[in-house]
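The values are calculated or read from the model by the stated rules, or taken from the named source; none is laboratory data. Fair warning: this is a prediction, and the values are worked out from it, not measured in the lab. A quick note on method: Cβ atoms are made from the backbone with ideal geometry, for glycine too, and the neighbour counts reach across all protein chains shown.
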């Protein structure tokens with residue numbers, strides 16, 4: 001009489017083959033999931049980067065659009081031009097771009113008066129400096145806000161009334177005033193280069 005094999009279980013080899021196949025499927029599934037998560041993180045990082053860039057250029061555009069002919073006095077009592085563009089920054093509160101802008105009418109009383117602001121590049125960031133009042137008292141320090149991170153290079157140049165671009169403002173052979181336009185060039189740490197031109201009223 002032959003033995004009944006209907007209830008015979010898996011052999012050891014069959015179990016090992018099944019475990020190997022399951023392991024391979026698990027590795028493939030993990031790699032696929034990891035690739036999806038990494039892609040999603042890269043997309044999210046790119047989205048955040050461009051959102052921050054959009055915010056920075058929008059803020060800069062709004063400030064430049066409100067630039068006014070308003071000379072100021074610095075903490076030492078010296079008169080300063082309404083628009084200053086420095087190719088090289090020296091002092092702690094100096095900046096590549098410093099100018100006077102009109103107040104913001106829908107804010108509090110302190111923000112409705114003309115303002116003195118500056119855009120400065122330091123340690124890979126572009127920082128906004130804002131003084132409490134245009135004419136600075138002795139030892140008055142600006143409030144600092146980080147507007148944009150991950151910047152390798154920050155350059156500006158200014159269009160004069162003759163249609164020539166200048167690396168600093170005012171130029172040595174011109175009187176103080178506002179340029180016709182300002183060009184802002186950024187190089188990000190990832191190598192991307194961006195340039196925008198802002199016309200002044």
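Considering (1) within 30 Å of residue 113 (Cα to Cα); (2) out of contact with any strand residue (DSSP E or B) (no Cβ under 7 Å at 6 or more places or on another chain); (3) part of a helix (DSSP H, G or I), say which one residue 94 fails and leave the rest.
Failing condition for residue 94: (3).
Taking residue 119 as the residue in question, decide whether it is surrounded by fewer than 19 Cβ atoms within 10 Å (Cβ to Cβ), in a strand (DSSP E or B) and touching a residue at least 12 places away in the same chain (Cβ under 8 Å).
The answer is no for residue 119.
In the list 6, 107, 66, which residue meets the criterion of being under 31 Å from the mean Cα position of the chain (by Cα) and modelled with pLDDT under 90?
On inspection, the qualifying residue turns out to be 107.
Considering only residues that are in contact with a strand residue (DSSP E or B) (Cβ under 6 Å, 6 or more places away or on another chain) and not in a strand (DSSP E or B), look in segment 125-158 and name the one that is farthest from residue 49 (Cα to Cα).
135
Take the conditions at pLDDT below 95 and under 23 Å from the mean Cα position of the chain (by Cα) and apply them to residue 126. Does it pass?
So residue 126 fails the test.
Return the total of residues in segment 167-187 being farther than 19 Å from residue 65 by Cα, in contact with a strand residue (DSSP E or B) (Cβ under 9 Å, 6 or more places away or on another chain) and at pLDDT below 95.
4
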